[in-house]
1. Got the relative contact order for the stretch 97-241 handy, in percent, Cα pairs under 8 Å and 6 or more residues apart?
2. Pop out the ³J(HN,Hα) list for the stretch 129-140 in order, Karplus 6.51 cos²θ - 1.76 cosθ + 1.60 with θ = phi - 60°, rounded to Hz; leave Gly and Pro as x.
3. In what sequence, highest mean first, do 64-76, 192-204, 314-326 appear when ranked by Cβ atoms within 10 angstrom?
4. With a/c under 1.5 counting as rounded, go ahead and sort the stretch 28-77 into rounded, prolate or oblate using the C-alpha gyration tensor (a ≥ b ≥ c being the square roots of the eigenvalues; past the cut-off, prolate if a/b is larger than b/c, else oblate).
5. Apply the Karplus parameterisation 6.51 cos²θ - 1.76 cosθ + 1.60, with θ equal to phi minus 60°, to every residue of the stretch 223-229 and state each ³J(HN,Hα) to the nearest whole Hz, in sequence, with x for glycine and proline.
6. Which cross-chain or sequence-distant (5 or more) residues have an amide H under 5 Å from the amide H of residue 294, H modelled 1.01 Å from N in plane?
7. Name the shape class, rounded, prolate or oblate, that the alpha-carbon gyration tensor gives for the stretch 178-227, where a ≥ b ≥ c are the square roots of its eigenvalues, rounded holds for a/c under 1.5, and otherwise prolate holds if a/b is larger than b/c and oblate otherwise.
8. Contact order normalised by length for the stretch 186-302, with contacts defined as Cα pairs under 8 Å and 6 or more residues apart; what percent is it?
Amino acid sequence: MPSLGTFILLSLSFFNIALAAPKLQKRGVTTSPTSVNGKTYDYIVVGGGLTGITVAARLAENPSVTVLVIEAGGDDRNDPRVYDIYRYGEAFGSELMWNWPTDQGRGMIGGKTLGGGTSINGAAFTRGLNAQYDAWSNLLEPSEASVGWNWQGIWNYMKKSESFSPPNSDQAAKGAQYISSYHGYDGPVQVTNPNQMYGGPQQGAFINTMVNLTGINHYKDLNGGTPNCVSITPLTINWRDSDHRSSSVMAYLTPSESQRTNWITLTRHLVTKINWSNSSGLPLTATGVNFAPASGGTTRYTAHARREVILAAGAIQTPQLLQLSGIGDSAVLSPLGVPVRIDLKTVGKNLQEQTMSQLGAGGNGFNPGGRGPSNVIAYPNLYQLFGSQASTQVNRIRSSLASWAATEATTSGLSASALQQIFQIQADLIINNNGIFLFISAKMRGSLKSLAPLAELFFNYGYPVYVELTVRFRTELCITLSPQYFGFGHPDVESASFQSWKREDQKPTSIWTFKLPRHVSLDVSLPAPPMSSLSTGETIPGNAVPDNANRGSDQDWKNWIRANFNAVSHPVGTCAMMRRNLGGVVNAQLKVYDTANLRIVDASVMPTQVSAHLMSTLYGISEKAADLIKASWP
């Protein structure tokens, strides 16, 4: 019997050109460190994941510059665990993955392979709320507003990366829709619906049930900055290539690999330190990096950078590398014997992650009508989650920002004043509409279009016999601590996720989010048509959270969530793009404060989470960053 699926949650003379940009003797991808050891490149990119490959590809479009990418993982493009979307999950726990342990045993994971997470993820292609991106500008200096870190400025770059294929007639008949202006059609990343998209009753039933139950809108397309809806969503797959993943490496490197002799990628090597030209004084100028085999050992190699070093190692590895290179909190680095070059207190702090748990129910034998993958998601806001109880939660959020900021300041590395400003921006996105405080009735819940969703419900058929829910906290904080193991060890990660539930907004949000699936019909005793007709009843958590008129007691849900939650592995914020007095690590040009030529281009610069999977946003950030870098070197 099938199961009912899932809510988952530059003009120079010829002589000068020859000196500045020598042809590489070896092109493409290599594992040989001697190919690059002691050589000089215009740009060194640390990390060959989504952002690193994207930035490198765009910089290498100029044949007069040279680019080196160093990636710890291998070139696994021919591994079916990488290219076959239907084998999603098989890479987990393998050599293709990073596994960063946390203090609570809930490890965060990442792709340790060329392409990074885009080579092993579920390929969901979504974008956050437009106002969430606009809010980033409010965290920068007023003089930096013209850089364009806002929705319109980033959305255009998201579309630049995208080659969207609209639904064909069969996919349209199964519910796939789109809005043409929301997409790009000339970019490298292939985006479309799966050829074997589900056509059975389950995805449509989920949509209709969510609309009936919460008042949420059913949108044709959520990729125009309006994710507060339920919608069929596309995936980063290539229909011209048997629906194989369109990862960053397949999109940006593979098509040009044999032509561009000015770009080389070294795999299976890890950067261990950034080198500086000046022994004292600021700003620091990066001259290159030291690197070593990712397998370990004491051998070290060096590559030199003529222009810039660009960190694209992700929200966990990038701050660790900064700390190993002397940039970070002196209170952390000095006791470990690391010479402090820049005392930047918030490096590795402000890590914002999301959590998820899995709920499930049995199916009644319906025909799923295809192979999938599943591609329907709901993003409810506070009012849709809480209904008649929303005003209570709004009042709690509104009256508690100062106390929450004071509590978080004791461990976050940010001041209480800074945190309160950040929390206020986030609270406005959650509870306000165009700056007006809202109290709304259940009948009005579907009409609110500018509120940030609080949760993601990802419906998936038949994996394995449960539903999964991603709970997104707008202000959930973690802290990356010191790099206790130098060179190859993992950084210590201390997580605040549910550790004490010290912020009162977290308890009810998570509990009510997990109660919702029962209302959606996982428990047939309270039908919420039409989903209820497909379910034989809840299996997870089942009796672990006894049902009652309130869909289970708050205490039982709290106990179950704390015992069963996992990290979503969408970490951001550890090198945030913010004003320095707010706790920022990089400015609007993505340069690390007090450095001349060190930039960061990865999820660590995102100052806050967005209500979306991170892929499209990070492609937009990378494309924009490439243009900022190019403009610095005309």
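1. Working: 213 pairs, mean separation 36.0, N = 145.
Dividing the mean separation by the residue count of the stretch 97-241 yields 25 percent.
2. 5, 3, 5, 5, 6, 4, 5, 4, 4, 5, 8, 9
3. Details: 64-76: 23.8, 192-204: 21.5, 314-326: 25.9.
Highest to lowest by the protection proxy: 314-326, 64-76, 192-204.
4. Numbers: a/c = 1.87, a/b = 1.09, b/c = 1.72.
Oblate shape, in that a/c is at least 1.5 and b/c is the bigger or equal ratio.
5. Karplus-based 3J(HN,Hα) across the stretch 223-229 equals 8, x, x, 10, x, 6, 6 Hz.
6. Residues meeting the criterion, in which the H sits 1.01 Å from N, are 269, 270.
7. Values: a/c = 3.86, a/b = 1.49, b/c = 2.58.
Cα axes put the stretch 178-227 in the oblate bin.
8. On the way: 132 pairs, mean separation 23.0, N = 117.
Value for the stretch 186-302: 20 percent.
The values are calculated or read from the model by the stated rules, or taken from the named source; none is laboratory data. A quick note: this is a predicted structure, and the numbers were derived from the prediction, not measured. Cβ sites come from the backbone with ideal geometry, for glycine too, and all protein chains shown count toward neighbours. Heads up: the accessible areas ignore ligands, DNA and RNA and are worked out on the full protein's heavy atoms, side chains in. Shrake-Rupley method; radii C 1.70, N 1.55, O 1.52, S 1.80 Å.
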